[in-house]
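S.K.: The structure follows.
The numbers here are math on the coordinates, done by the rules we state, and not lab data. Nothing here was measured: the structure is a model prediction, and the numbers come from that model. As a convention, Cβ positions derive from the backbone with ideal geometry for all residues, glycine included, and neighbour counts pool all protein chains shown.
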Amino acid sequence: MKSKILSQLSDNYPWQDKLRYFPEIDSTNTRLKAMAAQGAPEGTVLIADCQTGGRGRLGRSFLSPPGQGIYMSMLLRPECAPDQLMHLTCAAAVAMCDAVEQAVGFRPGIKWTNDLVFERHKLAGILTEMSLSAAGRVAYAVVGIGINCCQTAADFPPELQQTAGSLSMFAGQPVDRARVAAAMMDALYRMHKELFCGKQQMLRRYRSDCITLGQAISIVRGSDVSHAIARDIDDDGGLLVELPDGTLETVSSGEVSIRGMYGYV
Ligand code: BTN
């Protein structure tokens with residue numbers, strides 16, 4: 001798998017020697033954070049065939065069975081304050097739409113903030129995690145992506161069958177996981193190069209990919225559920241919502257999950 005991925009990377013991808021492949025791992029994000037704390041360099045990428053402890057946002061688990069998906073984490077070391085990196089998850093989501101489009105031929109949408117979706121099914125999730133230096137600067141960021149590639153509907157647990165999907169289900173043909181992984185790495189490398197100089201353009205692309213905008217949504221904070229219309233994405237990737245009384249409020253991805261009024265999206 002590793003050599004197949006390397007052979008499909010663009011010629012200008014500079015971090016080929018920093019890819020590590022695991023048949024099984026607890027979580028690529030957890031392992032990469034431990035490596036980052038030990039000084040691993042920017043551009044280190046971990047890819048696993050399966051994860052036994054895949055993690056999602058808000059403390060959820062991420063199902064990561066063997067032979068079917070790509071579970072990838074990339075280490076970045078941007079030199080900035082943490083509040084300058086709030087848009088990283090949005091940038092990764094746009095990069096992953098580019099990667100899927102390039103490798104498989106259709107462009108997913110983004111369900112704010114970090115899910116790739118197609119025809120009301122979740123194809124992928126993104127978990128970005130950051131660590132700070134003693135001086136309060138960003139020491140490193142780990143961008144983790146789990147993407148369902150080869151599953152049929154029957155491969156998902158019954159409770160996920162209405163809402164989870166894979167690339168091959170919508171591509172209508174088998175999907176080459178190595179090709180998708182290489183496209184993901186290329187797209188993440190381009191994202192890293194344009195993280196600051198291309199931020200406004202990236203946000204325009206995020207808004208155009210984001211299927212949440214304009215929708216009636218439920219905002220879930222713990223056991224509290226409120227309703228709103230999703231109106232815009234701010235410069236930090238926050239979701240600007242209009243409440244029933246017409247007031248506007250920004251919600252941030254760390255505190256809430258959202259649901260479409262009629263199901264997952
Ligand atoms: C989500 O859907 O909430 C985010 C899921 C992120 C899953 C990926 S798989 C690779 C990396 N390792 C993890 O443990 N999580 C991320």
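S.K.: Would you be able to tell me the number of residues in the range 79-108 that are within 15 Å of the ligand (Cβ to nearest atom) and more than 14 Å from Ile147 (Cβ to Cβ)?
M.R.: 3
S.K.: Quick check on Gln51: is it more than 11 Å from the ligand (Cβ to nearest atom) and under 16 Å from Ile25 (Cα atoms)?
M.R.: The answer is no for Gln51.
S.K.: Could you list all residues from the range 8-33 that are surrounded by fewer than 11 Cβ atoms within 10 Å (Cβ to Cβ) and assigned to a helix (DSSP H, G or I)?
M.R.: Matches in the range 8-33: Asp17 only.
S.K.: Pick from the range 62-77 the residues that are over 19 Å from Gly43 (Cβ atoms) and within 14 Å of the ligand (Cβ to nearest atom): which of them is surrounded by the most Cβ atoms within 10 Å (Cβ to Cβ)?
M.R.: Gly69
S.K.: Next question, about the same structure. Restricting to the range 123-155, give me the number of residues that are more than 23 Å from Met86 (Cβ to Cβ), surrounded by fewer than 24 Cβ atoms within 10 Å (Cβ to Cβ) and not polar (S, T, N, Q).
M.R.: Adding up the residues that qualify gives 4.
S.K.: Among the numbered criteria (1) aliphatic (A, V, I, L, M); (2) under 25 Å from Met169 (Cβ atoms); (3) out of contact with any strand residue (DSSP E or B) (no Cβ under 9 Å at 6 or more places or on another chain), which one does Val117 miss?
M.R.: So the condition that Val117 fails would be (3).
S.K.: Regarding the range 131-140, can at least one residue be identified that is touching a strand residue (DSSP E or B) at 6+ places or on another chain (Cβ under 9 Å) and closer than 23 Å to Ala183 by Cβ?
M.R.: no
S.K.: So, one more: Looking at the range 78-114, which of its residues are in a strand (DSSP E or B) and surrounded by 22 or more Cβ atoms within 10 Å (Cβ to Cβ)?
M.R.: Within the range 78-114, Ile110, Lys111 meet the criteria.
S.K.: Please go through the range 15-48 and give me each residue that is within 12 Å of the ligand (Cβ to nearest atom) and of a type in the set (Lys, Arg), ordered by number.
M.R.: Passing the criteria: Arg31, Lys33.
S.K.: If you take the residues of the range 158-198 that are among the β-branched types (Val, Ile, Thr) and assigned to a loop (DSSP other than H, G, I, E, B), which of them is farthest from Ile110 (Cα to Cα)?
M.R.: The extreme case among them is Val175.
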